[in-house]
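All of the numbers you see were taken from the coordinates with simple rules; none came from a lab. Nothing here was measured: the structure is a model prediction, and the numbers come from that model. As a convention, Cβ positions derive from the backbone with ideal geometry for all residues, glycine included, and neighbour counts pool all protein chains shown.
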Amino acid sequence: MTSREIRDQFFEFFKEKEHRIIPSAPVVPYDDPTLLFTNAGMNQFKDVFLGKGHRDYNRAANTQKCIRVSGKHNDLEEVGRDTYHHTFFEMLGNWSLGDPAKPNEGYYKKEAITWAWELLTDIWKLPKERLWATVYRTDDESYDIWKEKTDIDPKHILRFDEKDNFWEMGETGPCGPCSEIHINIGDDYNNPKWVNAGVEECIEIWNLVFIQYNRDENGTLHDLPAKHVDTGMGFERIVAMLQNKSSNYDTDIFMPLINKISELAGFKEKGDKERVAVQVIADHIRTLTFAIADGATPGNEGRGYVLRRILRRAARFGRNLNFTEPFLYKLVDVLVDTMSDVFPEIKTNQESVKKIIRAEEVNFNVTLDRGIHQFNEIALKAINNANYKEEYIIIVRSDQRISVNTKPKVGTQYKNISDYRIENWSSEETQKYLTKKPIISGDEVFKLYDTYGFPVDLTNVMAQEKGMAIDEDRFNELMKEQKERARSSTKNKIAEAGITVESLDGFEGDTSQTTEFTGYNEISTKTKIIAIKEIDKNILLIFDKTPFYAESGGQIDDLGTLQIGDKTFDIIDVAKIENKIVHVIDNPDNIKFEIGSTVKLSVDETRRNDIIRNHSATHLMNAALRQVLGENVQQSGSYVGPDRLRFDFTHYQKLTDEELQKIEDIVNEKISEHIERIRHADTPFDEAKKMGALMFFGDKYGDKVNVIQFGDFSMEFCGGTHVNNTSDIKYFKIVSESSIASGVRRIEAVTGRGVAKYIEELENKVSELTSKIGETASEIKSIQSRISDLSSEAKYEINEDSQIAISIQTEDIAKVKQSLSKNEDADIQVVKNVITELENNISILSSKLSDLNEEKRKLEKKLSELELKSKLGGIDSIIKSPVEISGIKLFKGKVDASNMDELKSMGDELRNNMKSGIGVLISAFDEKVGIVCVVSDDLIKEKKLMAGKIVGSIAKIVGGGGGGRPHLATAGGRDVSKIDEALNETGEIIKGLLS
């Protein structure tokens with residue numbers, strides 16, 4: 001039977017049992033921010049088990065896409081090495097949802113057990129003598145059903161404790177006993193000791209969970225009013241059984257992938273190392289394809305980081321198959337061909353998935369080679385420091401080879417028996433030659449992670465391949481320290497005051513009362529002081545209510561003033577601690593505040609308006625990003641301040657100018673539509689999910705949440721402050737797009753007054769460029785004039801017109817800036833025209849300035865050549881009037897050089913013309929002395945005269961030093977006044993060298 005037929009038979013069987021066949025939930029659980037990935041079929045029924053939801057059916061069956069790579073279900077280290085562990089798998093399941101109002105439609109233990117036995121033995125004909133059933137140790141009901149209602153061998157019914165046969169959703173909540181079905185395919189299949197022993201010959205194939213209790217906070221079990229059945233069967237495992245394969249990887253589920261990997265790698269036969277690599281890659285590409293197709297993307301946090309780890313792990317195993325270029329993305333097509341009939345979403349998102357995977361591969365390949373080289377250096381050091389067995393001597397040579405030698409006997413030398421490159425050293429060599437596993441330090445592991453992007457589990461795999469271990473405890477310490485440093489770098493006044501999120505120690509007054517936030521509806525209010533803490537020149541106050549927003553969700557806190565009597569104080573910081581909003585008051589005169597006093601709090605309205613414009617624009621941009629780039633875009637960070645907004649999001653490549661313009665246009669279109677903001681305050685969490693509000697993985701939500709909605713375009717969970725109408729944003733302008741990490745992009749943008757400031761910056765840029773063009777044109781004229789003095793060449797004609805015609809008048813630009821800064825409507829199209837016109841002018845002027853600078857550079861080079869030529873003509877007199885020193889011609893003199901390069905050129909010219917002799921030229925430039933000495937080849941050979949020795953001796957006279965090659969050497973000095981003395985002493989220096 002094919003895997004497709006097996007899956008279809010499962011569906012048909014439960015259809016006949018009146019089950020509804022439902023689609024798989026996405027592997028990315030967007031409605032459950034507590035969960036990284038869907039890891040069981042029951043995830044989509046969690047609300048039913050918790051009594052918070054219901055379905056219009058009581059019996060269901062499906063195949064659920066699952067990913068297990070973290071927590072208690074982390075099988076990552078086993079994947080590819082054994083026959084049956086996977087990071088991605090299908091879970092066939094059937095459920096009775098136990099609605100008390102429809103008891104006749106549900107079922108419980110008897111049906112679940114007998115139907116499972118019927119499907120396995122009557123339909124699929126699995127050998128009964130190889131099947132085992134396990135039950136919870138006190139679950140007599142299930143035990144009796146197995147014994148009396150099936151024909152399983154009674155000796156094959158075993159009892160186990162909580163670890164193996166009691167299912168719990170969490171520390172509290174729904175739970176119950178379970179009954180597992182195992183199959184033993186080994187020779188010793190009648191022996192109970194192999195059940196739950198963790199051996200490949202005897203594995204669990206189906207788990208039947210009976211949810212009948214609710215565990216309270218004290219650990220006490222209470223009967224549930226409705227009982228549920230939740231079953232899960234590993235599809236890959238049952239296919240292996242029915243296709244009579246000893247490994248899941250040998251089934252028709254995996255073979256198309258394995259064949260493609262083998263084809264790409266160009267081999268037919270595989271050793272153990274290659275077999276593991278192929279199986280790891282085949283498994284991991286399934287996880288990547290399904291997760292990305294469902295909207296996840298590789299990144300640096302949460303599920304994104306898990307995917308990045310998996311992809312990098314697969315890429316590293318690809319090196320074991322000699323893949324040096326991106327290859328994983330080529331496997332996506334195979335999955336689409338074999339699985340899109342069941343999971344059409346992978347075909348719908350096929351090209352997007354391939355692009356994302358390929359981009360990640362390209363990025364990682366840049367550092368993978370350097371990282372592997374660094375790891376090999378670390379491994380060599382570990383081997384060098386290791387203790388080797390008594391009969392061997394291990395030497396790590398300078399050429400990075402490992403020399404293994406036998407220990408010499410008395411009177412003999414040691415004998416080399418093997419040489420290894422570190423790449424070829426494996427766990428076998430470690431076991432053979434070393435006394436114990438070398439340990440790679442946590443500091444080295446952290447460096448590989450921090451510098452080269454190597455996840456710790458990837459380093460661990462590489463270490464295991466060489467028979468080494470890593471100090472994971474130390475690595476975790478360093479990770480914790482890094483996080484602490486990141487946290488400490490953002491300390492504010494409140495942190496400096498010694499107050500933490502866990503404590504309000506040191507406050508006088510009532511710190512038990514929750515602060516009422518009134519800032520959604522007002523920016524000023526009268527309130528009472530309920531708690532005080534003094535610290536230096538600041539005082540920290542808590543009020544019974546406040547309009548001040550404390551930093552949260554990317555939106556920074558409000559600033560403003562406190563007024564008491566006729567005195568006004570600045571509020572310089574705000575933070576939320578334990579549902580209390582703490583205000584930091586600048587109190588330079590140490591004025592005393594009293595608990596119970598009434599004060600007036602006023603938020604800086606202009607600043608607040610700037611912030612809310614940027615916050616609402618962030619929501620609109622998020623929706624526009626998903627519309628333009630696809631639903632797989634996920635927010636990974638944000639900043640909402642008065643000056644700008646910053647939005648970090650997952651995406652695999654740089655956005656094109658067209659994409660950025662489209663995003664900007666969509667947001668401005670929504671601004672022009674005057675969409676009213678709707679705030680769904682204190683909405684029950686489940687109701688908000690049903691509304692379709694966008695939530696963010698890792699955020700913690702209470703039972704009730706706030707939802708911000710702008711028409712049918714944007715709806716997000718959000719507790720921040722926002723505009724009342726999109727038109728209040730006035731205009732949205734993207735000012736930059738960049739990469740901040742692999743797979744994470746950042747957009748910065750401005751709105752309202754920020755756009756007015758941006759336009760002003762564009763105007764200043766136009767003025768600056770215009771001025772620079774004029775200055776550069778004048779400089780070119782001056783250079784051309786100097787060239788004319790030295791040459792008869794024609795003058796270079798330049799266009800002095802640096803003014804570009806601007807179609808929009810200055811007064812119109814001023815009006816636009818005013819409409820953006822004041823409480824006036826801004827005309828979106830007019831604003832866009834102004835910005836476009838100014839940006840175009842900057843582009844034209846920048847191009848013109850670039851052309852002029854290039855022309856200036858060419859003319860400066862031409863001028864330098866002419867000046868040098870003129871100066872070279874000045875050494876004619878030196879060449880014509882040498883002096884003789886012991887029969888050797890000495891050509892010496894002062895010259896006018898601008899720098900050392902020019903002086904060396906003169907030295908070359910002198911050497912070319914003097915035939916035989918010594919040349920010494922000295923010049924002053926930049927208030928220093930420059931010296932060049934040249935010696936002809938015959939004197940170097942016959943008299944052993946070296947330019948370096950000569951110039952070094954001369955340089956001492958002017959307070960310097962130098963050296964160089966035998967035929968040309970240079971030196972410098974500080975004392976310009978001794979140039980003549982140095983020239984006069986040159987002859988004596990040469991005489992001294994000849995003697």
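Placing unit charges on the Cβ atoms of the charged side chains and taking the dipole of the chain about its Cα centre, the candidate lying farthest along the positive direction among Val830, Leu264, Gln818 is Leu264.
A dipole drawn for the chain from +1 and -1 charges on Cβ atoms has a positive end, and of Ile885, Gly554, Thr606 the residue lying farthest that way is Ile885.
Computed about the Cα centre, the dipole magnitude for the chain is approximately 3380 debye when only Lys and Arg (+1) and Asp and Glu (-1) carry charge, each at its Cβ. For the range 868-914, the calculated P(r) over all alpha carbon pairs, in 5 Å bins from 0 to the bin holding the longest distance, is 5, 22, 32, 22, 11, 6, 1 percent.
Helices assigned as whole DSSP H runs in the chain whose Cα atoms extend at least 18 Å along their own long axis and whose mean Kyte-Doolittle hydropathy is -1.0 or higher are found at 272-293, 302-319, 350-384, 605-629, 657-672, 752-790, 828-873, 979-994. D by Stokes-Einstein for the range 493-603, Kirkwood Rh over Cα pairs, 20 °C, 1.002 mPa s: 156 µm²/s. Only Cα pairs under 8 Å and 6+ residues apart enter the sum, and on that basis the relative contact order of the chain stands at 6 percent. Using only side-chain charges placed at the Cβ, +1 for Lys and Arg and -1 for Asp and Glu, the dipole size of the range 493-603 relative to its Cα centre rounds to 300 debye. Note on the range 938-980: along the principal axes its Cα atoms extend 35, 17, 11 Å, ordered by decreasing extent. By DSSP, the beta bridges lying fully in the chain are antiparallel in about 90 percent of cases.
So what does log10 I(q)/I(0) come out to for the range 875-994 at q = 0.13, 0.15, 0.16, 0.18 Å⁻¹, using the Debye formula with one equal point on every Cα and no solvent? The Debye formula, applied to the Cα set alone, gives -0.41, -0.55, -0.63, -0.81.
Pair-distance distribution P(r) for the range 141-270, from all Cα-Cα distances in 5 Å bins starting at 0: 2, 9, 14, 16, 15, 13, 11, 8, 6, 4, 2, 1, 0 percent.
A Cα-only calculation for the range 702-763 places Rg and Dmax at 15.5, 51 Å.
Estimated from helices alone, the mean residue ellipticity of the chain at 222 nm is -13000 deg cm²/dmol (sum of -39500 (n - 2.57) over DSSP H runs with n ≥ 4, per residue).
The three principal axes of the Cα atoms in the chain give end-to-end lengths of 125, 100, 58 Å, sorted in falling order. Cross-link pairs exceeding 29 Å in C-alpha to C-alpha distance, out of Lys580/Lys757; Lys654/Lys815; Lys576/Lys817; Lys861/Lys944; Lys125/Lys193, comprise Lys580/Lys757; Lys654/Lys815; Lys576/Lys817; Lys861/Lys944. Of all DSSP beta bridges confined to the range 493-603, the antiparallel ones make up roughly 95%.
Taking N as the residue count of the range 3-253, its C-alpha radius of gyration divided by 2.2 N^0.38 Å amounts to 0.97.
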